[in-house]
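**Student:** Structure in structure tokens, see below.
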Amino acid sequence: MQSFSQKVYAVAAKIPRGKVLTYAQVAKLAGSPKASRAVGNILNKNRDKKVFCHRVIRSDGSVGGFAFGNSRKIKILRSEGVKIQNGKVFSISV
């Protein structure tokens, strides 16, 4: 049986390039809809490049945290085609 962390990593690994999910959406897809804060803590510890934690954002559309800095997260998301204006993602969907 997978741990919640493993489920979170599995969800984040499947987010396509150019798309994002919120921490709350990841929590729901991982089976614990009220665990969005836990999702953030789990993804902050991720170092596996196959887990696309930079594609997970806050519910209000802001990019949220990133272990390598928010400016780097924004740069990566923009390079993948995600539209960001004033620190917020234009559309949230997968």
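**Student:** With respect to the numbered conditions (1) modelled with pLDDT of 95 or more; (2) touching a strand residue (DSSP E or B) at 6+ places or on another chain (Cβ under 6 Å); (3) over 23 Å from S5 (Cα atoms), which one is the sole condition not fulfilled by L21?
**Tutor:** Status for L21: all satisfied but (3).
**Student:** Within the set of pairs 6+ apart or on separate chains, which have a first residue in region 66-88 that is assigned to a loop (DSSP other than H, G, I, E, B), a second that is aromatic (F, W, Y), and C-beta atoms under 8 Å apart?
**Tutor:** V82/F90; K83/F90
**Student:** Still on this structure, I have one more. Take the residues in region 1-48 that are among the small types (G, A, S) and over 27 Å from K83 (Cβ atoms); name whichever of them is least open to solvent (accessible area, probe 1.4 Å).
**Tutor:** To start, the set of residues in region 1-48 that are among the small types (G, A, S) comprises 3, 5, 10, 12-13, 18, 24, 27, 30-32, 35-36, 38, 40.
Filter once more, so that each one left must be over 27 Å from K83 (Cβ atoms): 3, 5, 31-32, 35, 38.
Working: S3: 53, S5: 44, G31: 58, S32: 43, A35: 21, A38: 37 Å².
Result: A35.
**Student:** For G64, all conditions in the list (1) open to solvent by 90 Å² or more (accessible area, probe 1.4 Å); (2) in contact with a strand residue (DSSP E or B) (Cβ under 8 Å, 6 or more places away or on another chain) hold save one; what is the number of the exception?
**Tutor:** (1)
The values are calculated or read from the model by the stated rules, or taken from the named source; none is laboratory data. Here the structure is a predicted model, which means the values were calculated and not measured. A quick note on method: Cβ atoms are made from the backbone with ideal geometry, for glycine too, and the neighbour counts reach across all protein chains shown. Remember, those area values only see protein heavy atoms, side chains included, never the ligands or the DNA or RNA. Shrake-Rupley method; radii C 1.70, N 1.55, O 1.52, S 1.80 Å.
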